[in-house]
Amino acid sequence: MRCTHCGANIPDDQLICPVCGAEVQIVPDYNPLEDVLAREVKGSVAGATRQIQADVVRRQNMSQNQQNRNRQNQRSNPNSTRVLSQAELDKVREERREQLRRQRAQRQRQKTDAKRYQDARQSTENLRRTSTESRRLQQIKKQEAARKKRQKLLTVFFLLILLVGVGIYIGYQNSYTGMIKKGNAALQNSNYTSAENYFNRAIIKDKSKAEAYTGLANIYVAQDDLDSAESVYLNALETQPSNVNLYKAAVKFYEKTEQPNKISDLLQDCEDKNVLSAMNDYVSSAPEFSLKEGTYDEVQQVTLTSATGGTIYYTTDGSDPTESSTEYKEAVLLQSEGDTEIRAIAVNKKGIPSAVSSAKYSIEFPLVDAPAVSPSTGQYSTATQITITVPDGYTAYYTMDGSTPTASSEKYTDPIDMPENSQTTFSAILVNDKNGKATEATTRNYITTYYSLKKCYRN
């Protein structure tokens, strides 16, 4: 390497320039930690290093000055030759040996200084490593402390969650939902008393919800007491007539117990528009009759309709209609005289039958008087014909043996010859062509005392 002051070449094993005596500045790879450690070590080695360097420089300068004086003396007196005495030779030898000794000592000091520097550098490196390790250990300790802190926090957090969970569980067990769950569990185990208690407690917490009422109803259903189950819903609806959920629960109860006919009765009594709107699919309007109830004197026809549509079934004998009754497809014809009661239901798309609607009708056909028959009762000696006056819309029937005529008797079409030389009881009736109702009979008694000419000729 070269000296930074004079540019002279410095051997690798020396730390001081042999020409100018300047200290070699060795700059290691920069590391801030090394600067810190170097300053700490510098106090221990700087004084000795400076002293050694100063002594070496001083001796080198003295040796160099002596050499320069000798050279100058030789130059000033080049031709002079002198024989040195033994003492001078010894002195020269001693100086030479001393010079060599100093040089060796210098090299040894340089080696020592280099070793000290190396030791210092190594110490600095060790300190750096120690510091790095210390920082690493401190970091590990911090991480461990942070980990323990996190563990503590997590433990506290989990404990809080556990406490909250326990609180929520306890609250849930005593809540409406908890009561319902306990009640259903007791019901499944056929513990009806406990189930009823849980459901009643749930109703106290919230009477507007339907689950508790359904639970109570299910208790009675499980015991085949449908009337008591039905009363649970009806009693609740009396106090909550606008509770849609209760109506839905009651409808499901009727569906489950196969009592669809009661659904219409339930909804028919409801006046809340919101309920009816929510239960629209279950509403089935009772059929309406096109003909008002009353008495009529001619054949009538009655048309049946339902506002909610569906299929209409009816009866005319006064019995309650079912889906097995006559299906309405065309107007009901009232053509028989007498009283008739039409009862009908409408079944919607969900199979819900409506309430039964009914209407009573009476048909009384007007009748003419008994038929006019001529001639009148009497004795006849000449051939005579019997005639019956038949008004429009009637047909006459007659007998000549004294029996009462019916629609199956002889039909009157033309005048009838009175029997000869005999006694005849002639009876006639009129039958209404529309309704088949017959009038009272008209009776005539005829006695004839004659014979026809044809009979006389035969004799």
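Of note:
- Listed by first and then second residue, the pairs with beta-carbon distance under 7 Å, at least 6 apart or on different chains, first residue in the stretch 103-118 and surrounded by 15 or more Cβ atoms within 10 Å (Cβ to Cβ), second among the β-branched types (Val, Ile, Thr), are Gln106/Val56; Arg109/Ile52; Arg109/Val56; Gln110/Ile16; Asp113/Thr49; Asp113/Ile52; Arg116/Val45.
- Across the stretch 240-285, the number of residues qualifying as of a type in the set (Gly, Ala, Ser) and over 26 Å from the mean Cα position of the chain (by Cα) comes to 3.
- Filter result (among the hydrophobic types (A, V, I, L, M, F, W, C) and closer than 9 Å to Gly215 by Cβ) within the stretch 180-202: Ile180, Leu187, Ala195, Phe199, Ala202
The rows are residues; the columns are (1) of a type outside the set (S, T, N, Q); (2) under 30 Å from Leu216 (Cβ atoms).
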{"site": "Leu237", "(1), (2)": "yes, yes"}
{"site": "Ala249", "(1), (2)": "yes, yes"}
{"site": "Ala286", "(1), (2)": "yes, no"}
{"site": "Thr303", "(1), (2)": "no, no"}
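- Residue within the stretch 311-334 that is within 32 Å of the chain's Cα centre (by Cα), surrounded by fewer than 16 Cβ atoms within 10 Å (Cβ to Cβ), at negative phi and part of a loop (DSSP other than H, G, I, E, B) present: no
- Selection of the stretch 216-245 for residues being of a type in the set (Val, Ile, Thr) and surrounded by 14 or more Cβ atoms within 10 Å (Cβ to Cβ) yields Ile219, Val221, Val232, Val244.
- If the condition is being hydrophobic (A, V, I, L, M, F, W, C) and at pLDDT 80 or above, then the stretch 115-143 contributes Leu137, Ile140.
- Extreme residue, nearest to the chain's Cα centre (by Cα), among residues of the stretch 287-308 that are among the small types (Gly, Ala, Ser) and within 12 Å of Ala359 (Cα to Cα): Ser290
The values are calculated or read from the model by the stated rules, or taken from the named source; none is laboratory data. Remember, it's a predicted structure, so these values are computed and weren't measured experimentally. Here Cβ is always computed from backbone atoms with ideal geometry, including for glycine, and neighbour counts include all displayed protein chains.
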